[in-house]
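The values are calculated or read from the model by the stated rules, or taken from the named source; none is laboratory data. This structure is a prediction, so every number in the text was calculated from the model and none was measured. In this analysis, Cβ positions are derived from the backbone assuming ideal geometry, glycine residues included, and neighbour counts consider all displayed protein chains.
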Amino acid sequence: MTRDRKPEATTPRHGVARAISKLGLGSRTQAARWVAEGRVCVNGKRVADPEFPVRLGLDRVEVAQVGSARAERIIVALNKPRGLVTSTSDEQGRDTVYACLRDSGLPWLAPVGRLDKASEGLLLFSNDPAWAARVTGPGGPDKRYHVQVEGIPDAGVLEALTRGVDIDGQTWRARSATLLRQGEKNAWLEIVLDEGRNRQIRRLLAALGYEVLRLLRVAIGPLELGTLAKGGWRRLEAAEIAALVPE
């Protein structure tokens with residue numbers, strides 16, 4: 001269905017493969033393959049070039065046996081296990097988070113943000129790129145982590161985490177850092193971030209002389225990991241989606 005949301009002259013154009021990805025119908029790699037297979041039509045005409053220009057909201061994009069835009073918004077929470085890469089595919093042949101969704105019956109969904117291979121916990125997937133950008137971008141919900149470190153950080157270390165640490169000429173900091181519990185040789189911290197830099201917690205703690213043994217994301221805004229089994233997933237309810245990034 002075509003929706004005249006913007007005047008034709010001012011509507012941005014995207015290659016059809018990218019448009020399919022933005023509409024949540026599949027990844028750009030999948031979309032390019034569908035174009036090569038002759039399964040993609042724009043305004044009722046088959047296209048053969050993955051860079052064929054499309055105006056989202058004006059042109060009708062259809063993929064045979066996949067559906068037409070726009071797809072129903074689907075948001076999924078996954079309890080990511082350690083050892084999986086947050087990627088659609090991996091050039092080194094490592095297992096990805098999509099192994100957990102392989103037999104789910106869900107349409108293709110994109111990760112909302114990332115957790116590195118050694119990290120675990122709450123990871124969201126969505127077929128709505130605009131919604132995902134609001135979760136991961138400035139002003140999005142805080143992310144809460146439980147972090148096991150080697151050694152016992154004192155109050156000065158926790159204060160340094162929130163005051164800020166110079167890394168590569170920039171100041172990196174956590175929103176909050178508290179001691180949850182400690183043993184003889186290691187401790188668990190709760191760290192809250194209000195921004196999403198690559199390996200932020202690991203780099204902050206390394207700069208202060210602490211090695212991360214485990215890193216678990218336990219909440220994104222009001223949404224908690226809860227009792228979701230390792231490698232398990234569930235669809236979010238409408239109220240949960242709205243609470244994460246209010247309209």
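Testing GLN148 on (1) assigned by TED's automatic domain parsing to the domain that holds ARG203; (2) surrounded by 14 or more Cβ atoms within 10 Å (Cβ to Cβ); (3) free of Cβ contacts under 8 Å to residues at least 60 places away in the same chain; (4) not β-branched (Val, Ile, Thr), one condition comes back false. Which one is that?
The single condition GLN148 does not satisfy is (3).
Listed here are the residues, each with its yes/no results for (1) farther than 24 Å from GLY105 by Cα; (2) buried (at least 19 other Cβ atoms within 10 Å of the Cβ); (3) modelled with pLDDT of 75 or more; (4) β-branched (Val, Ile, Thr).
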{"position": "ASP4", "(1), (2), (3), (4)": "yes, no, no, no"}
{"position": "TRP34", "(1), (2), (3), (4)": "no, yes, yes, no"}
{"position": "GLU37", "(1), (2), (3), (4)": "no, no, yes, no"}
{"position": "GLU62", "(1), (2), (3), (4)": "no, no, yes, no"}
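Looking only at region 218-247, filter to residues that are in contact with a Leu (Cβ under 6 Å, 6 or more places away or on another chain) and part of a loop (DSSP other than H, G, I, E, B); which one of those is surrounded by the most Cβ atoms within 10 Å (Cβ to Cβ)?
Looking at residues that are in contact with a Leu (Cβ under 6 Å, 6 or more places away or on another chain) and part of a loop (DSSP other than H, G, I, E, B), I get LEU225.
Going residue by residue through region 120-135, is there one that turns out to be assigned by TED's automatic domain parsing to the domain that holds VAL85, part of a strand (DSSP E or B) and of a type in the set (Gly, Ala, Ser)?
yes
So that you can scan it fast, the table gives a plain yes or no per residue for (1) β-branched (Val, Ile, Thr); (2) modelled with pLDDT under 85; (3) closer than 30 Å to LEU215 by Cβ:
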| position | (1), (2), (3) |
| --- | --- |
| PRO7 | no, yes, no |
| LYS80 | no, no, yes |
| GLU91 | no, yes, yes |
| ASP95 | no, no, yes |
| ARG102 | no, no, yes |
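Any idea which of (1) under 27 Å from TYR98 (Cβ atoms); (2) modelled with pLDDT under 95 is the one ARG214 doesn't satisfy?
Only one criterion is unmet by ARG214, namely (2).
Could you pull out every one of the strands (runs of 3 or more DSSP E) wholly within region 167-217 that has 3 or more residues that are surrounded by fewer than 14 Cβ atoms within 10 Å (Cβ to Cβ) and either in the same structural domain as GLN148 (by TED's automatic domain parsing) or of a type in the set (D, E, K, R) (or both)? Give the steps one after another, and end with the answer.
Numbers: elements: 170-172, 176-182, 186-193.
It comes to 176-182.
Going by the structure shown, is VAL212 in contact with a helix residue (DSSP H, G or I) (Cβ under 8 Å, 6 or more places away or on another chain), within 23 Å of ARG82 (Cβ to Cβ) and among the β-branched types (Val, Ile, Thr)?
Details: in contact with a helix residue (DSSP H, G or I) (Cβ under 8 Å, 6 or more places away or on another chain): yes; within 23 Å of ARG82 (Cβ to Cβ): yes; among the β-branched types (Val, Ile, Thr): yes.
Judged against the criteria, VAL212 is a match.
With respect to VAL157, determine if the residue is surrounded by 16 or more Cβ atoms within 10 Å (Cβ to Cβ) and in a strand (DSSP E or B). Before the answer, list the steps.
Numbers: surrounded by 16 or more Cβ atoms within 10 Å (Cβ to Cβ): yes; in a strand (DSSP E or B): no.
Considered against the rule, which asks whether it is surrounded by 16 or more Cβ atoms within 10 Å (Cβ to Cβ) and in a strand (DSSP E or B), VAL157 comes out as no.
Scan region 128-176 residue by residue and report those that are under 24 Å from ILE241 (Cβ atoms) and charged (D, E, K, R).
ASP128, ARG134, ASP142, LYS143, ARG144, ARG175
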